[in-house]
1. Considering only residues that are closer than 22 Å to V118 by Cβ and assigned to a loop (DSSP other than H, G, I, E, B), look in segment 164-200 and name the one that is modelled with the lowest pLDDT.
2. Regarding L92, is this residue aliphatic (A, V, I, L, M) and more than 30 Å from I44 (Cβ to Cβ)?
3. Out of contact with any Cys (no Cβ under 8 Å at 6 or more places or on another chain), assigned by TED's automatic domain parsing to the domain that holds I172 and free of Cβ contacts under 8 Å to residues at least 12 places away in the same chain: which single residue out of A83, A20, A74, A117 fits that description?
4. Can you tell me how many residues in segment 56-99 are surrounded by 16 or more Cβ atoms within 10 Å (Cβ to Cβ), part of a helix (DSSP H, G or I) and among the small types (G, A, S)?
5. Only one residue in A105, A146, A121 is more than 30 Å from I44 (Cα to Cα), at pLDDT below 95, in a helix (DSSP H, G or I) and small (G, A, S), so which one is that?
6. Quick check on segment 34-55: of everything there that is surrounded by fewer than 17 Cβ atoms within 10 Å (Cβ to Cβ) and touching a helix residue (DSSP H, G or I) at 6+ places or on another chain (Cβ under 9 Å), which residue is farthest from R178 (Cα to Cα)?
Amino acid sequence: MNYVRKPYTGRLQAVILDWAGTTVDYGSLAPVRVLQQVFADRGIQVSEDEARQDMGLLKKDHIRALLGHPRIRAAWEEQHRHAPGEPDVESLFANFIPRQMECLAQYSAPIPGVVEAVRRARDRGLRIGSTTGYTRPMLEILLRHAAGQGYEPDCALCPDDVGAGRPLPWMIYENAVRMKVYPLEAIIKVAIRSVILRKA
C-alpha cells in the first residue's frame, strides 16, 4: 500500500534566518574581506564576486571551493608551482580563523529592520531559528553582540553542530528538532545573497 502524504495547509510556525548578509553585516563584508586577505597573502588575488560565489558554506569548504575555481587554481599553480591540495586548504583556513574572529564584532550589528521584523514575527507566534557557515566560536561572537542590540534567535546552529553546512539540509532539520516545529513545510528559510550596489 502506497502512502500519500497530504499537502501541508496549516499555519507557518517558524522562520530560519542566515546571519552574514541576512540579519547582520549588510553586504557580507566580514567573510569576503578576510577570504580576500588570506589569499592575497599567498599572492593570489580573489575578486569580490569570486569570494561571494559560495557564501553559506562552512568556511573551510568555502576555501576549498575557491581553490577549485579554474582561474584561482591556475593562478595558484603559477604562483606556487603545484596544484592546491588539502594541506593548502588547512593552511588557509588556519590563517582565516584568527582574522575572522578579530573582525566579527565590528560586523555584528543587526541590519536595519531586522530587529523589528523578528519582533513582528514573534508577535504572530513564529519561532526564529538561524544557520551560518561560520564555526561555533565565530557564531558565539555574533550571538553575544547581536543580543546586546536586540536580535536573539531561539536557535542558532552552524555546520560544526551537525557535521556539514549547506547545501546539505542538516542545520534546517536540527533547527526544527530544537524548536519543536513539525512538519518541515511549516518552516521558511531566508538567506539573502548580498549584493553591494556600486555607483556608476
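1. Per the criteria, the residue is S194.
2. Numbers: aliphatic (A, V, I, L, M): yes; more than 30 Å from I44 (Cβ to Cβ): no.
The answer is no for L92.
3. Values: A83 fails: assigned by TED's automatic domain parsing to the domain that holds I172; A20 fails: free of Cβ contacts under 8 Å to residues at least 12 places away in the same chain; A74 fails: assigned by TED's automatic domain parsing to the domain that holds I172.
Testing whether each residue is out of contact with any Cys (no Cβ under 8 Å at 6 or more places or on another chain), assigned by TED's automatic domain parsing to the domain that holds I172 and free of Cβ contacts under 8 Å to residues at least 12 places away in the same chain leaves just A117.
4. 1
5. Details: A105 fails: more than 30 Å from I44 (Cα to Cα); A121 fails: at pLDDT below 95.
Answer to the check: A146.
6. Taking segment 34-55 first, the residues surrounded by fewer than 17 Cβ atoms within 10 Å (Cβ to Cβ) are 37, 40-43, 45, 47-49, 53.
Filter once more, so that each one left must be touching a helix residue (DSSP H, G or I) at 6+ places or on another chain (Cβ under 9 Å): 37, 41-43, 45, 47-48, 53.
Numbers: Q37: 36, D41: 41, R42: 41, G43: 44, Q45: 41, S47: 38, E48: 35, Q53: 30 Å.
Checked segment 34-55; the qualifying residue farthest from R178 (Cα to Cα) is G43.
The values are calculated or read from the model by the stated rules, or taken from the named source; none is laboratory data. Keep in mind the model is a prediction, meaning the values are calculated, not measured. Because the Cβ atoms are built from the backbone with ideal geometry, glycine has one as well, and the counts that use them run over all protein chains shown.
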